[in-house]
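Inspection log for the structure reproduced underneath, given as structure tokens.
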Amino acid sequence: MTPVEFLAELVFGVYQLASIFIENVVAGGDPLSIVAFLVGQVLIVGSIAAIAYLAVGALASTVGIQIPSPRK
């Protein structure tokens, strides 16, 4: 899979997620379903962002880029 194909799938996935949210969750009208869906998405995005942050830091360290750390 090329980077362009990956980005296209990512954008299409966001579109699909939005359509599922609007058609199935919001249209149902149950407030608990809306909250559960949104909390789940926040947890997924947060975990992906944390792992990406760690991976970029490890890659930068491997390449030799010095990242300043907070002093104690």
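Computed from the coordinates by the stated procedures, all read-outs in this text should not be read as laboratory data. If you're wondering where the values come from, they're calculated on a predicted model, not measured in any experiment. Backbone-built Cβ (ideal geometry, glycine too); neighbour counts: all protein chains shown.
Which value in nm describes the separation of the simple spin-label points at Ile51 and Asn24, placed 7 Å from the Cα toward the beta carbon?
2.1 nm
Spelling out what I want: for every residue of the range 21-27, take phi, set θ = phi - 60°, compute 6.51 cos²θ - 1.76 cosθ + 1.60 (Karplus), and round to whole Hz; glycine and proline get x.
4, 6, 6, 9, 8, 5, 5
In degrees between 0 and 90, to the nearest 10, how far off the longest principal axis of the chain does helix 31-63 point, with axes built from Cα atoms?
Here the helix axis deviates by roughly 20 degrees.
Would you look at the GNM of the chain, springs on alpha carbons closer than 10 Å, and say which of Leu59, Leu32, Leu43 moves the most?
Leu59
In nanometres, what is the gap between the two model label sites at Leu32 and Gln16, each 7 Å from Cα along Cα-to-Cβ?
Simple spin-label model gives 2.9 nm for this pair.
What Rg and what Dmax come out for the chain when only alpha-carbon atoms are used, in angstroms?
Just the Cα atoms of the chain yield Rg and Dmax of 18.0, 52 Å.
Ignoring everything except DSSP H segments at least 4 long, calculate the 222 nm mean residue ellipticity for the chain; use -39,500 (n - 2.57) per segment, divide by total residues, nearest 500.
Calculated mean residue ellipticity at 222 nm is -25000 deg cm²/dmol.
For helix 3-20, report the angle its Cα long axis makes with the longest principal axis of the Cα atoms of the chain; keep it between 0 and 90° and round to the nearest 10°.
So the inclination is approximately 30 degrees.
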